Amino acid sequence: MQRWVAMSFALHRIVKHPTITRKVMPYAGRYYHVANLRDPKVFDDRLREWLTEAYLQSRQ
């Protein structure tokens, strides 16, 4: 049984959040973030905004 769900997303900038525990890795002009979500309650507005931003940037 896992203790968390890993959510990854790529942005053109580095962001910080308590759930981002792995080292942010640069690749091809983007920064790859991995957030470990232990509970649905930690998926807050900031994470939602960054996930939306990552999605919109991927469509460009």
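The values are calculated or read from the model by the stated rules, or taken from the named source; none is laboratory data. What you see is a predicted model, and the numbers here were worked out from it, not measured in a lab. FYI the Cβ positions are ideal-geometry reconstructions off the backbone, even for glycines, and counts take in every protein chain you see.
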Of the residues Arg30, Arg38, only one is out of contact with any helix residue (DSSP H, G or I) (no Cβ under 9 Å at 6 or more places or on another chain), on the phi < 0 side of the Ramachandran plot and of a type in the set (D, E, K, R); which? Arg38
Which of the residues belonging to segment 32-54 are hydroxyl-bearing (Ser, Thr, Tyr) and out of contact with any Phe, Trp or Tyr (no Cβ under 8 Å at 6 or more places or on another chain)? Thr52
Would segment 17-27 turn up any residue that is in contact with a Ser or Thr (Cβ under 7 Å, 6 or more places away or on another chain) and β-branched (Val, Ile, Thr)? no
I need every pair where a residue in segment 23-50 that is surrounded by 15 or more Cβ atoms within 10 Å (Cβ to Cβ) has its Cβ under 7 Å from the Cβ of a residue that is part of a helix (DSSP H, G or I) and modelled with pLDDT of 95 or more, sequence separation at least 6 or different chains. Ala35/Leu47
